[in-house]
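Worksheet for the structure shown next.
The values are calculated or read from the model by the stated rules, or taken from the named source; none is laboratory data. On a predicted model such as this, the values are computed, not experimentally measured, just so you know. Reconstructed Cβ throughout: ideal geometry from the backbone, glycine too, with neighbour counts over all protein chains shown. Protein only, heavy atoms only, side chains kept; ligands, DNA and RNA dropped before computing areas. Shrake-Rupley method; radii C 1.70, N 1.55, O 1.52, S 1.80 Å.
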Amino acid sequence: MKKIIIALLMFSLSTISANAQQVYQEVYRLSKKIADSTQLDIETRKIATFKVDALEYMAMKAAEVMPDSSMSMLDRQAYALYDFIDTFTRRLAKASKSQKDAVVAIYRNASINNPWFNDEDKELVWSYYNNPNYVTQFSLDTDWQKADETVTNRKW
């Protein structure tokens with residue numbers, strides 16, 4: 001079921017035009033739908049919940065800190081978030097038991113070492129980072145484009 005949802009999300013994202021906030025809105029809509037679904041397993045829903053919270057955080061902070069910024073910036077960040085989480089879950093699923101901790105550490109470090117807003121409210125931005133109940137232990141204050149580049153350019 002998870003593979004079908006991921007395939008549908010990838011297809012949806014590939015067919016979206018680049019209108020302002022359209023990618024952001026689509027990633028948000030699909031993530032919210034998954035997070036709210038009672039038909040899916042809890043881990044899939046938790047990952048989607050993280051995406052929803054990260055998207056809401058980035059929109060809130062962008063409006064607060066950069067009110068004149070381009071809406072296409074949110075699209076790029078949303079797509080990078082999607083790609084970051086997608087590659088993380090795929091790599092984690094393929095990793096052996098001994099490699100799983102290393103994969104998590106690499107992605108966590110990419111998230112925490114690439115802040116976007118340099119938000120001082122660490123309790124908020126690290127609410128997932130410090131939560132062992134979530135596989136997505138990432139900072140909400142992440143420049144997802146830079147974090148995604150960090151893991152993409154890494155020699156695996």
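Rounded, prolate or oblate: which fits segment 29-90 when a ≥ b ≥ c are the square roots of the eigenvalues of the alpha-carbon gyration tensor, with rounded for a/c under 1.5 and prolate only if a/b beats b/c? Walk me through the numbers on the way to the answer.
Values: a/c = 2.94, a/b = 1.91, b/c = 1.54.
Prolate shape, in that a/c is at least 1.5 and a/b is the bigger ratio.
Once fully extended, how much extra length lies between residue 68 and residue 36, figured as 0.36 nm per residue of separation less the alpha-carbon to alpha-carbon distance?
Stretched out fully, the residue 68 to residue 36 stretch lengthens by 8.3 nm.
Between residue 98 and residue 155, what length in nm is gained on full extension when 0.36 nm per residue of separation is reduced by their alpha carbon distance? Intermediate values should be presented prior to the final figure.
On the way: separation 57, 0.36 × 57 = 20.52 nm, distance 1.79 nm.
So the chain would gain 18.7 nm between residue 98 and residue 155.
Order the following by accessible area, largest value first: 156, 126, 144. Probe radius 1.4 Å; ligands, DNA and RNA are ignored. Display every interim value, and only then the final one.
On the way: 156 130, 126 85, 144 0 Å².
So, going from the largest accessible area down, we get 156, 126, 144.
Using the Karplus equation 6.51 cos²θ - 1.76 cosθ + 1.60 (θ = phi - 60°), what ³J(HN,Hα) coupling, rounded to whole Hz, does each residue of segment 93-110 give in order, writing x for Gly and Pro?
5, 7, 6, 6, 4, 6, 8, 4, 4, 5, 4, 4, 4, 4, 6, 4, 5, 4
Please report the accessible area of residue 135 (heavy atoms, 1.4 Å probe, ligands and nucleic acids excluded) in Å², nearest 10.
Roll a 1.4 Å probe over it and residue 135 shows about 40 Å².
Leaving out ligands and nucleic acids, note down the accessible area per residue over segment 14-146 with a 1.4 angstrom probe, in whole Å². Write out the running numbers ahead of the final one.
Values: 6850 Å² over 133 residues.
For segment 14-146, the solvent-accessible area averages 52 Å² per residue.
Starting from segment 108-156, pick out the trypsin sites (Lys or Arg not before Pro) whose DSSP state is loop and whose Cβ has at most 14 other Cβ atoms within 10 Å.
Numbers: sites: 108, 122, 146, 154, 155; in loops: 154, 155.
Here the trypsin sites (Lys or Arg not before Pro) that fit, given the DSSP loop and packing criteria, are 154, 155.
Take 117, 50 and sort them by solvent-accessible surface of the protein heavy atoms, 1.4 Å probe, largest at the top. Write down the numbers at each step before the final one.
Values: 117 25, 50 0 Å².
Putting 117, 50 in descending order of accessible area: 117, 50.
Can you give the helix-only mean residue ellipticity at 222 nm for the chain, where every DSSP H stretch with n ≥ 4 adds -39500 (n - 2.57) and the sum goes over all residues, rounded to the nearest 500 deg cm²/dmol? List each step's numbers first, then the result.
Details: 7 runs with 105 residues, N = 156.
The helix-only estimate for the chain comes to -22000 deg cm²/dmol at 222 nm.
Under the Karplus relation 6.51 cos²θ - 1.76 cosθ + 1.60, θ = phi - 60°, what is the ordered set of whole-Hz ³J(HN,Hα) values for segment 140-155, x standing for Gly and Pro?
Those phi angles translate into 6, 8, 10, 7, 5, 5, 5, 4, 5, 4, 4, 7, 5, 7, 6, 7 Hz.
Checking the a/c ratio against 1.5 first, then a/b against b/c, what shape does the Cα gyration tensor give for segment 66-156? It would help to have the intermediate numbers written out before the result.
Values: a/c = 2.30, a/b = 1.46, b/c = 1.58.
In terms of gyration-tensor shape, oblate.
How would 56, 123 line up by accessible area, probe 1.4 Å, largest first?
123, 56
Within segment 8-156, what whole-number % of the accessible surface is contributed by carbon and sulfur, with the 1.4 Å probe and all protein chains included in the calculation?
On the way: 4130 of 8060 Å².
Carbon with sulfur: 51 percent of the solvent-accessible area.
Computed from these coordinates, which is mean projected area of the Cα convex hull in nm²: (i) 9.2; (ii) 13.0; (iii) 14.3?
The listed entry that was calculated here is (i).
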